1. How many percent of DSSP beta bridges within the chain run antiparallel, rounded to 5?
2. Using Cα-Cα distances under 8 Å and only pairs 6 or more residues apart, what relative contact order does the range 48-192 have, in percent?
3. Angle check, please: helix 319-329 long axis (alpha carbons) against the longest principal axis of the chain (alpha carbons), in degrees 0 to 90, nearest 10.
4. Any idea what diffusion coefficient the range 37-170 gets from Stokes-Einstein, in µm²/s, Kirkwood Rh on alpha carbon pairs, 20 °C, 1.002 mPa s?
5. Go through the range 27-135 and name the trypsin sites (Lys or Arg not before Pro) that are in a DSSP coil and have 14 or fewer other Cβ atoms within 10 Å of their Cβ.
6. So what is the relative contact order of the range 134-363, in percent, for Cα pairs below 8 Å that sit 6 or more residues apart?
7. Could you list CYS103, CYS371 in order of exposure, starting from the residue whose Cβ has the fewest other Cβ atoms within 10 Å?
8. Please identify the chymotrypsin sites (Phe, Trp or Tyr not before Pro) of the range 318-381 that satisfy two criteria: DSSP loop assignment and at most 10 other Cβ atoms within 10 Å. Which are they?
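Any read-out appearing in this document is the output of simple, stated calculations on the displayed coordinates, not a laboratory observation. Values in this document were obtained by computation on a predicted structure and should not be read as measured data. Using ideal geometry, Cβ is built from the backbone for each residue, glycine included, and neighbour counts are taken over all protein chains shown.
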Amino acid sequence: MLESIVEKTVITLPASIKKVLKTISENKLGIVFAVDDKGCLIGSITDGDIRRAMLQGIKLEKEGITTESIALNRKPFSLPFESDIQEILYYLDQDFQNRTIKCIPLLDTQGRIIDISIRSRIRRFPIYQPEIGIKELSNVVDCVRSGWISSQGSYITRFEKLFSNYLHGGHAVAVSSGTTALQLGMVALGIGPGDEVIVPNFTFAACVNSIIHCGAKPVLVDVDKETWTLDLNKIKKSITPATKAIMPVHIYGKPCRMDELIDIAKKNDLLIVEDCAEAIGAEYKNRLVGLDGNCSCFSFFANKIITTGEGGMVVFKNIEVANKARILRDHGMSKSKSYWHKYAGFNFRMTNMQAAIGVAQIERIEELLKCRQKIFENYNQKFKKIENISLIPINNWSKNSFWFYTIVVNNIGEKKRDKLLSLLKDRGVECRPAFYPLNRMKPYKKFGQGNYEVSEYLGANSISLPSSSVLTKNEQDYIADAFHKELNNLSLNLNKATK
């Protein structure tokens with residue numbers, strides 16, 4: 001297991017000799033790293049160190065091993081966690097203090113062990129790592145010093161204005177999450193009990209949950225192979241007298257066919273609630289996504305293009321609906337009469353501290369998008385050469401937001417795909433499966449009718465790779481190469497097993 005390599009290699013002193021030897025035996029690396037009670041590296045111990053200490057007459061069986069023990073090497077080799085892969089590889093198998101380095105602890109700035117590098121597993125690469133800079137921290141400090149840390153303060157208004165400016169229009173309302181953005185948007189638009197909302201079967205469950213929690217009924221529709229987004233023909237077949245809205249989802253930052261969807265909505269007098277959670281910065285026919293629907297909803301969860309930790313934004317075309325949403329967001333309280341409630345509202349408010357981070361992030365969005373685009377382009381160069389791999393759809397009328405780099409391993413199937421994920425995890429590469437089809441899950445089965453062939457296929461055969469903007473090119477190459485090797489190993493082993 002990825003999380004256990006540090007646990008299996010690190011021990012806190014003082015410790016009994018039995019515990020140290022057992023740890024060395026179990027990790028199969030021939031070494032343990034000793035840390036203090038804060039997790040900071042203080043030394044290393046090998047079975048050879050213990051043997052030499054005992055030959056010198058040290059009674060380790062009685063004393064155990066302490067920070068003063070002769071068995072403790074107080075100057076073990078280590079590297080900073082941010083070290084480049086090539087640097088780590090250079091030192092592995094080199095001699096240090098007359099010992100061959102087979103295992104390198106990677107430390108943070110406080111000297112704590114964050115990860116362990118060995119040749120088969122250079123470093124842990126999380127599926128996503130947010131990039132928070134000095135400006136974000138400065139804004140939060142300013143917010144705290146001002147005393148405005150909850151849901152009132154200047155950063156919320158600034159964030160909303162900057163967001164609308166970025167989209168070149170709309171009325172932005174900051175909220176507590178992408179999910180509450182969806183729910184607030186629908187309630188403000190009058191969607192509720194008795195209404196049906198068409199939603200893709202291949203998406204994150206927040207979409208269908210938000211429909212359920214505003215009292216409406218989700219209608220699950222399959223996606224098409226060319227875009228992984230709502231199948232237009234199946235939308236038309238799913239419209240009933242109760243249909244009130246369509247919820248297109250720009251999946252993995254890939255825009256839907258919005259012009260066709262708008263045409264369907266107009267002909268059937270339907271609302272459009274755009275789920276742009278994964279798609280800030282994506283473009284449809286040279287315009288940013290987010291202004292085509294009656295409202296559009298964005299997420300600022302930690303793994304999104306820009307983040308506020310948690311948080312979201314709902315952007316309305318109509319200012320009156322946006323003003324209604326602001327009241328609903330704040331318990332339904334009147335803006336002109338304190339503690340007088342116009343609606344049975346919600347507490348969907350974003351905090352000023354979150355908005356302070358958001359202001360800095362939206363100011364850097366072009367920089368963040370360019371970094372991610374380079375990652376996608378580099379991955380594409382690596383993966384397009386691999387047989388049996390299909391890349392996320394690319395066309396001439398849209399541009400991805402470069403959220404999670406996601407590929408299809410053709411016909412691998414869910415069981416083998418999950419085995420591949422496990423093999424990659426053991427090498428420190430955290431990948432994740434695509435979204436499972438919603439109709440397969442107990443809470444949503446009753447909303448799905450008919451055939452969901454494309455959703456089923458994508459859900460069983462797709463994988464998302466580490467996509468953080470902080471990844472270097474060497475790290476991206478390492479991840480892609482590790483993926484290719486483990487895929488080949490899996491295929492070879494499966495072929496041997498069937499012979």
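1. Looking only at bridges with both residues in the chain, the antiparallel portion is about 65 percent.
2. On the way: 96 pairs, mean separation 15.8, N = 145.
Relative contact order for the range 48-192 comes out at 11 percent.
3. Rounded to the nearest ten degrees, it is 50.
4. Approximately 110 µm²/s, per Stokes-Einstein.
5. Working: sites: LYS28, LYS38, ARG51, ARG52, LYS59, LYS62, ARG74, ARG99, LYS102, ARG112, ARG119, ARG121, ARG123, ARG124, LYS135; in loops: LYS28, LYS38, LYS59, ARG74, LYS102, ARG119, ARG123, ARG124.
Counting only loop positions with at most 14 other Cβ atoms within 10 Å, the trypsin sites (Lys or Arg not before Pro) in the range 27-135 are LYS28, LYS38, LYS59, ARG74, LYS102, ARG119.
6. Contact order relative to length: 28 percent.
7. Values: CYS103 21, CYS371 16.
Ranking CYS103, CYS371 by Cβ neighbours within 10 Å, fewest first, gives CYS371, CYS103.
8. Numbers: sites: TYR339, TRP340, TYR343, PHE346, PHE348, PHE376, TYR379; in loops: TYR339, TRP340, TYR343, PHE346, PHE348.
Qualifying residues, ordered by number: TYR339, TRP340.
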